[in-house]
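Notes to accompany the following structure.
The values are calculated or read from the model by the stated rules, or taken from the named source; none is laboratory data. Predicted, not measured: the structure shown is a model, and the values here were computed from it. Virtual Cβ from ideal backbone geometry, glycine too; neighbours counted across all protein chains shown.
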Protein chains: 2
Amino acid sequence: MLINKSNKENKLNKMFNANSIAIIGASNNPNKTSYQILKNLIDGAYRGKIYPINQKENEILGLKAYSKITDIDGGIDLAVIVIPARLIPETMKEMGEKNVNTAIIISGGFKEIGNYELEKEVVETANKYNISFVGPNCQGINYTYNNLCASWPLITAKGSLCIIAQSGTVAATLGTWAENEGIGATGIVSLGNKTDLNEMDFIDFFLKDENTKVIALNIEGFTNGKKFMEIAKNNKEKDIVVLKPGRTEKGKKVAQSHTKSVSGSDVIFDAACKQAGVIRAYSITELYDYSKALGLLKKPKGNRVMVITSSGGSGILATDIFEENYVEVVDLNPELSQKLKAELPSHCVVSNPLDLTGDTDAYRYEKCVNIANEYDDIDMFLLIFGDPIPNACNVVSSLKEKVSKPIIVCYLGGGEVEKEETLSMHRNGIPVFPAPERAAKAISILSRKCKGSD
Amino acid sequence: MLINKSNKENKLNKMFNANSIAIIGASNNPNKTSYQILKNLIDGAYRGKIYPINQKENEILGLKAYSKITDIDGGIDLAVIVIPARLIPETMKEMGEKNVNTAIIISGGFKEIGNYELEKEVVETANKYNISFVGPNCQGINYTYNNLCASWPLITAKGSLCIIAQSGTVAATLGTWAENEGIGATGIVSLGNKTDLNEMDFIDFFLKDENTKVIALNIEGFTNGKKFMEIAKNNKEKDIVVLKPGRTEKGKKVAQSHTKSVSGSDVIFDAACKQAGVIRAYSITELYDYSKALGLLKKPKGNRVMVITSSGGSGILATDIFEENYVEVVDLNPELSQKLKAELPSHCVVSNPLDLTGDTDAYRYEKCVNIANEYDDIDMFLLIFGDPIPNACNVVSSLKEKVSKPIIVCYLGGGEVEKEETLSMHRNGIPVFPAPERAAKAISILSRKCKGSD
């Protein structure tokens, strides 16, 4: 049976916005993945109905357990399957009887270990019963705006970043960083074997998702690279950042053996990304940093940055990275210099970077940004707080409301004050980086996406 | 008066091992730097005597305050000066009377703002009274093995890493990271204007310090680059990692204006580093990561790594970085493959990277390292824990005792388990990195320092 596009779209909507979930293979053993998923749904304050399914238990984590999915009275929007691989086709039959047609198959034991036969049987059964599924051999999905963490670890912070990853670990890592920093995510998808639903289905979904501003992709081999580039190129609204390993010969060999798919030349992929406006990341850290900046900031008009810092040394470090990445640390307009000098203590170094020196408070930054914001030859600001400077969050949050140019923050060397201010800024949608090189590289990506750069 | 080398050495010893400290300009105002330094000495459990000096207060933070340093009965090993710049020469005279001949001048207001006259006066006074000093315009020093944090933020964790930085912020940042991760430091020095004591004096001291294994340097302009390279080259015991900005034209211009010193060509500096065996870092993160790996690990015999992972995707990401950085992800010896296959579940992918898959526990890693350790064509191990895997610390700590090859860990996507295991491993002297690219780059540095590479 062929599944047409709108059918699939409806099913993805049903999956992410599920009002009821069955955990097939739920367990009372805290060491089992199925226990962890159930617990995360509960701890994540999922508002829909949850039905644990286990033939031996009466109750799991305080919820009534059922022997089979067909024993449940109400309807089920989504089944999460965590049982031995060989039992899955039979379970899918029962899902078909109960008219449950979306699933996440967490269980491994298929193609990835050479078990092609069983994987084929699962596909055939799914087709017969009109079931669309994520995985198998995956780490589940998370949709924070529905409090739905059918995955691990528990991620609940809502944001504007969507993560779609072939590697469950990469998905979990980005999700954890977004959670810990307080910037949050919209959705997190671990693709696994991509036997049925693949990256294109989820990209389609999240391009339409109103909370998502940026899609962070980790793909070892694209299901349909050409189609991906087409969609990326036609998409004018959201940013896509991709981490695709296999750049080196050895890396490519390992990737192909891992995903059982052949991937093309990296040079061609790179050129296609540039043409389609897809940002490439070369590490998990870059994937995260670039997505964070793109997800939280408006686009600058050009590539000219003004750096305002309390730490001269950090300003120099940022300058090198800017220069190496085609961002201009623009010479200050003489009129602007004069205005700044008139407002600042005489020991401040009025230049770009503008060194407010270690005795600065947050309000000195505010004054400078307000003055410099008037000048058209500055496209964006990097504010480096290199000491424990209180009220940074208040000041930058208020600047963010008034100033038309993007503002990126680097906060370091600030001890406990830094921790508090950084978390508050992230919660207010201000991207903060822990080192000048990371802030400067993120800005270089932002400036590549500046208005008029296409 | 000329100060000879052994005199200086004695004074540095007295400074770091001070049994008594006077804080000149101590304050009861929590917003003042002098308050913070006094508090950090107390909170850091400094065991010597502390004398706050303030003309208006009787008591500061529970300690008796003195009007002048000459009012103190006992001897003073070190003075920390945090008073307005213009008052410093007079204070130095009093120090001279009291025979206090080491100081840290935190106060700014000298050369860095064009006040060359006052800086000259301070030098002359110091020479007259045989005083050696750090700074001015600096963030102090910290020597964890003497519980002496005459700086901020408070760093107390003892380790094998020494940090000497021209930028107070870079010093504070590295110190904070080392403290938060639990790897600790030996000393942290913020050089400031380097008017008297400069990087060479501290490098001399820490090359002789028995707890120090690696020196992390952040220098904008070397006082004597040639001498530095000579000493680095003659040093066979410890590693030196240097972050020197000003690589680009603009960066160099900014660095020269910041430090009021002329720095030479970056290409020449780079070649000199290679010749002297100095490792170059290009960002604060690299400076930290490389120093951490070098400080905690023995040197490998060569550049061939075996990767053992629970996350196939992370293994591929590491492979690319290795290949790009001249580390060989060596093909497994057929005999070794056979032995591993005999011991591992059939779904594990026996190759390099060795994919233990998501169902692994820590003991599967132990088994593999014990087997592979016998093979001479493997020089080091990267263990990637890409899931919440308990007991990782126990296993790696016990391997560390038995296995002759260096073991680096990457732990990611492991939620709360990851946090606990990572901290425990750091406390046990095992370097753990939060992303495969950072672990792989640190390994590439380690392998450049492998035995026989000189």
message = Going through A:VAL242, A:VAL267, A:VAL254 one at a time, which residue ends up being within 13 Å of the chain's Cα centre (by Cα) and either in the same structural domain as A:GLY192 (by TED's automatic domain parsing) or surrounded by fewer than 18 Cβ atoms within 10 Å (Cβ to Cβ) (or both)?
response = A:VAL242
task = Name every residue in segment A:210-250 that is more than 15 Å from A:ALA276 (Cβ to Cβ), without any contact (Cβ under 8 Å) to a residue 60 or more places away in the chain and of a type in the set (Gly, Ala, Ser), in order of residue number.
result = A:GLY221, A:GLY246
query = If B:TYR290 satisfies every condition in (1) surrounded by 24 or more Cβ atoms within 10 Å (Cβ to Cβ); (2) of a type in the set (Phe, Trp, Tyr); (3) facing chain A (nearest Cβ under 10 Å) but one, which is the exception?
reply = (3)
request  = Return yes or no: is A:GLU249 farther than 19 Å from B:GLY386 by Cα and either aliphatic (A, V, I, L, M) or touching a Leu at 6+ places or on another chain (Cβ under 9 Å) (or both)?
outcome  = no
message = Consider segment A:155-181. How many of its residues are in a strand (DSSP E or B) and either touching an Asp or Glu at 6+ places or on another chain (Cβ under 9 Å) or at the interface with another protein chain (Cβ under 9 Å from one of its Cβ atoms) (or both)?
response = 3
task = Could you grab the pairs with beta carbons closer than 6 Å, sequence gap of 6+ or different chains, first residue in segment B:420-431 and within 10 Å of B:LEU296 (Cβ to Cβ) and modelled with pLDDT of 95 or more, second one assigned to a loop (DSSP other than H, G, I, E, B) and of a type outside the set (Ser, Thr, Tyr)?
result = B:HIS426/B:GLY182; B:HIS426/B:ILE183
key: Counted residues, segment A:308-323 - those being facing another protein chain (nearest Cβ under 7 Å) and out of contact with any Ser or Thr (no Cβ under 6 Å at 6 or more places or on another chain)   = 4
message = Give me the residue from segment A:275-284 that is in a helix (DSSP H, G or I) and away from every other protein chain (no Cβ under 13 Å) and, out of that set, surrounded by the fewest Cβ atoms within 10 Å (Cβ to Cβ).
response = A:GLN275
message = Condition first: closer than 21 Å to A:ASN391 by Cα and either within 38 Å of the chain's Cα centre (by Cα) or part of a loop (DSSP other than H, G, I, E, B) (or both). Now tell me which residues in segment A:320-362 satisfy that.
response = A:LEU344, A:PRO345, A:CYS348, A:LEU354, A:ASP355, A:LEU356, A:THR357, A:GLY358, A:ASP359, A:THR360, A:ASP361, A:ALA362
query = What about A:ALA65, is it hydrophobic (A, V, I, L, M, F, W, C), surrounded by fewer than 23 Cβ atoms within 10 Å (Cβ to Cβ) and assigned by TED's automatic domain parsing to the domain that holds A:HIS258?
reply = yes
note = Residues in segment A:79-106 that are within 17 Å of A:GLN36 (Cα to Cα) and either among the hydrophobic types (A, V, I, L, M, F, W, C) or touching a Leu at 6+ places or on another chain (Cβ under 9 Å) (or both) total 8
note = Quick count over segment B:369-394, residues being surrounded by fewer than 18 Cβ atoms within 10 Å (Cβ to Cβ) and in a helix (DSSP H, G or I), is 3
query = What number goes with the only condition from (1) in contact with a strand residue (DSSP E or B) (Cβ under 8 Å, 6 or more places away or on another chain); (2) away from every other protein chain (no Cβ under 12 Å); (3) hydrophobic (A, V, I, L, M, F, W, C) that B:PHE222 does not pass?
reply = (1)
note = Screening A:THR91, A:THR125, A:THR70, A:THR102 for residues that are among the hydroxyl-bearing types (Ser, Thr, Tyr), touching a residue at least 12 places away in the same chain (Cβ under 8 Å) and more than 17 Å from A:ILE21 (Cα to Cα) leaves only A:THR125
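Yes/no matrix, rows are residues, columns are (1) assigned to a helix (DSSP H, G or I); (2) touching a strand residue (DSSP E or B) at 6+ places or on another chain (Cβ under 9 Å):
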site	(1), (2)
B:MET15	yes, yes
B:ILE21	no, yes
B:ASN29	no, no
B:LEU38	yes, yes
B:ILE42	yes, yes
B:TYR46	no, yes
B:ILE50	no, yes
B:GLY75	no, yes
query = Which of the residues spanning segment B:327-382 are polar (S, T, N, Q) and in contact with a Ser or Thr (Cβ under 9 Å, 6 or more places away or on another chain)?
reply = B:SER337, B:SER351, B:ASN352, B:THR357, B:THR360, B:ASN373
request  = Provide a single number: the residues in segment A:339-368 that are touching a strand residue (DSSP E or B) at 6+ places or on another chain (Cβ under 6 Å), away from chain B (no Cβ under 14 Å) and surrounded by fewer than 24 Cβ atoms within 10 Å (Cβ to Cβ).
outcome  = 0
query = Is there any pair linking a residue in segment B:312-337 that is surrounded by 24 or more Cβ atoms within 10 Å (Cβ to Cβ) to one that is among the aromatic types (Phe, Trp, Tyr), with Cβ under 6 Å and at least six apart or on different chains, and which?
reply = B:VAL329/B:PHE322
query = Within segment B:310-335, restricting attention to residues that are of a type in the set (A, V, I, L, M, F, W, C) and in contact with an Asp or Glu (Cβ under 8 Å, 6 or more places away or on another chain), which residue is nearest to A:VAL254 (Cα to Cα)?
reply = B:ILE316
query = Across segment B:382-424, what is the number of residues that are over 18 Å from B:LEU356 (Cβ atoms) and either more than 14 Å from chain A (Cβ to nearest Cβ) or not charged (D, E, K, R) (or both)?
reply = 11
Of the criteria (1) over 26 Å from A:LYS208 (Cβ atoms); (2) crowded, with 17+ Cβ neighbours inside 10 Å, which one A:ILE21 fails = (1)
query = Considering only segment A:395-417, how many residues are assigned to a helix (DSSP H, G or I) and within 24 Å of A:LEU446 (Cα to Cα)?
reply = 8
remark   = Restricting segment A:411-430 to residues that are under 20 Å from the mean Cα position of the chain (by Cα) and under 16 Å from A:ILE384 (Cβ atoms), the one surrounded by the most Cβ atoms within 10 Å (Cβ to Cβ) turns out to be A:MET425
